[in-house]
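Asks: Dumping the structure here so I can ask a few things about it.
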Amino acid sequence: MAISRGLSGRMIDRSAVVGARYMSSWWRSVQPAPKDPILGVTEAFMADPNPDKVNVGVGAYRDDNGKPVVLECVREAERRVAGNLNMEYLPMGGSVKMVEETLKLAYGENSELIKDRRIAAVQALSGTGACRLFADFQKRFCPNSQIYIPVPTWSNHHNIWRDAHVPQKTYHYYHPESRGLDFAAMIDDIKNAPNGSFFLLHPCAHNPTGVDPTEEQWREISHHIKVKGHFPFFDMAYQGFASGDPERDAKSIRIFLEDGHHIGIAQSYAKNMGLYGQRVGCLSVLCEDEKQAVAVKSQLQQLARPMYSNPPVHGALIVSIILGDPDLKKLWLKEVKIMADRIIGMRTALRGNLEKLGSPLSWQHITNQIGMFCYSGLTPEQVDRLTNEFHIYMTRNGRISMAGVTTGNVEYLANAIHQVSKSG
């Protein structure tokens, strides 16, 4: 022990002084992280005292009064769970029943692929967790691969593959001038990517643009991806929520399956069942045969173990009960269509109000796009004006969450958009 006498004559343990200096400097270099561009919108909205403020920033469904919704099928499932089921750990792969029902939604009720046990699947922490688990799987077993991500995409996609240390490249998707799909450039990028690349695809209700390929375009996309030997990974966050029909919203995936692709899918029940905070989803990987599927699933579980050990049980129980009971599933299909139809109705109302104001601009893209989001075409400067002058909050890329639009605020929103976009 190194001891010395200080100026006051007191004995000082020099090693303790050095230790204290190190401890005080451990986190000195840590700077505040930048605010999340989406969640930061809500923070600003909450801090605004203006009674007319409107939040069209965050992708969570609201009813026509702007209130959060819990589906009746969910309430009934919760009643059945309460007091009747234990809360023991799930296996690393999650709820077998939930996974089985989830695969039917994506691959088809009577899928031969399911019957042949060719799909490796595990419960995941909603869509984000499913994407991250797959990104880590990609890095571990295809360490020299890269992933192509559309421009634009949900901003967290970049974070997920970055933190999994998977190199990213981008492919053309959105065409700003037409506010539609840049299909020719997208196909060129698929053709020009190195053989065997990974491609991240949004099967329906593309986030943030709401622009989806047509069925014929999906067939052509599938063809070129197969010719190049690419691996398609689908992030399906909105099945049922886009059109109101889960089967229709899975059409792109079914096309790829018909064409004989091996695919991966991330599925989430945040939007289509309103289970945002339950973090319940699924990751599946289609394999050559049952033996390969067993091996892949074991490795997915191995990756999950040091991350979160095993997934939460409550949301999985809710999903299992709803999808496993014919009457509750019928109610869910009815309720998800009601949500989708309200969004579609608000698109029509927003476009109609803008046109009624005599806007010289075309707003046809509002109704051409689908799903929760409308890529408005507003510039960051115009968005800033909406916030500063009209107390309307959205992300600066001009993405409007249609879930935040109601019959009570759609006219106000349209007028504000008209005011800031009059100059074009």
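The values are calculated or read from the model by the stated rules, or taken from the named source; none is laboratory data. No experiment lies behind these values; they were computed from the predicted model shown. Glycine also receives a Cβ, built like all others from the backbone with ideal geometry; neighbour counts cover every protein chain displayed. Calculation scope for accessible area: heavy atoms of the full protein, side chains included, ligands and nucleic acids excluded. Shrake-Rupley method; radii C 1.70, N 1.55, O 1.52, S 1.80 Å.
Asks: Output the residue which, of all residues in region 70-89 that are modelled with pLDDT under 95 and part of a loop (DSSP other than H, G, I, E, B), is most open to solvent (accessible area, probe 1.4 Å).
Replies: Per the criteria, the residue is Y89.
Here's the yes/no breakdown for (1) over 30 Å from L378 (Cα atoms); (2) touching a strand residue (DSSP E or B) at 6+ places or on another chain (Cβ under 9 Å):
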residue	(1), (2)
T170	no, yes
Y173	no, yes
P194	yes, no
F199	no, yes
T209	no, yes
E220	yes, no
P232	yes, yes
G260	yes, no
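Asks: Has region 294-309 got any residue that is more than 29 Å from K115 (Cβ to Cβ), open to solvent by less than 50 Å² (accessible area, probe 1.4 Å) and in the same structural domain as Y107 (by the TED database)?
Replies: Yes: region 294-309 contains one or more residues that are more than 29 Å from K115 (Cβ to Cβ), open to solvent by less than 50 Å² (accessible area, probe 1.4 Å) and in the same structural domain as Y107 (by the TED database).
Asks: Just checking, how many residues over region 303-326 are in contact (Cβ under 8 Å) with a residue 12 or more places away in the chain and not in a loop (DSSP other than H, G, I, E, B)?
Replies: 16
Asks: For region 164-180, enumerate the residues that are open to solvent by 70 Å² or more (accessible area, probe 1.4 Å) and either modelled with pLDDT of 95 or more or assigned to a strand (DSSP E or B) (or both).
Replies: The answer is H165, K169, T170, H172.
Asks: Please work out if V410 is more than 27 Å from M273 (Cα to Cα) and either over 21 Å from the mean Cα position of the chain (by Cα) or open to solvent by 40 Å² or more (accessible area, probe 1.4 Å) (or both).
Replies: Details: more than 27 Å from M273 (Cα to Cα): no; either over 21 Å from the mean Cα position of the chain (by Cα) or open to solvent by 40 Å² or more (accessible area, probe 1.4 Å) (or both): yes.
Here the answer is no, as V410 does not meet what is asked.
Asks: When you check N397 against the structure, is it touching a Phe, Trp or Tyr at 6+ places or on another chain (Cβ under 9 Å), part of a loop (DSSP other than H, G, I, E, B) and in the same structural domain as G210 (by the TED database), yes or no?
Replies: So N397 fails the test.
Asks: If I filter region 127-134 for residues that are open to solvent by 20 Å² or more (accessible area, probe 1.4 Å) and not in a helix (DSSP H, G or I), do I get at least one hit?
Replies: no
Asks: Just to verify a result, which residue in region 375-394, among those that are farther than 12 Å from K53 by Cα and part of a helix (DSSP H, G or I), is farthest from the chain's Cα centre (by Cα)?
Replies: Restricting to residues being farther than 12 Å from K53 by Cα and part of a helix (DSSP H, G or I), the top hit is R385.
Asks: Return the pairs, sorted by first residue and then second, in which the second residue is among the acidic types (D, E) and buried (at least 19 other Cβ atoms within 10 Å of the Cβ), the first residue lies in region 166-181 and is in contact (Cβ under 8 Å) with a residue 24 or more places away in the chain, the beta carbons are less than 8 Å apart, and the residues are 6+ apart or on different chains.
Replies: Hits for this filter: Y171/D189; Y173/D182; Y174/D182; L181/D212.
Asks: On the given criteria, is L361 touching a Ser or Thr at 6+ places or on another chain (Cβ under 7 Å), at negative phi and surrounded by fewer than 18 Cβ atoms within 10 Å (Cβ to Cβ)?
Replies: Yes.
Asks: Among the residues of region 188-195, are any open to solvent by 10 Å² or more (accessible area, probe 1.4 Å), within 27 Å of R396 (Cβ to Cβ) and in the same structural domain as H262 (by the TED database)?
Replies: Yes: one or more hits.
Asks: Same structure, new question: List every residue pair whose Cβ atoms lie under 8 Å apart, where the two residues are 6 or more positions apart in sequence or sit on different chains, the first residue falls within region 215-232 and is more than 23 Å from C142 (Cα to Cα), and the second residue, located anywhere, is charged (D, E, K, R) and in a helix (DSSP H, G or I).
Replies: E215/K251; W218/K251
Asks: In addition: Name the residue, out of W154, W161, that is open to solvent by less than 10 Å² (accessible area, probe 1.4 Å), of a type in the set (F, W, Y) and not assigned by the TED database to the domain that holds R399.
Replies: W161
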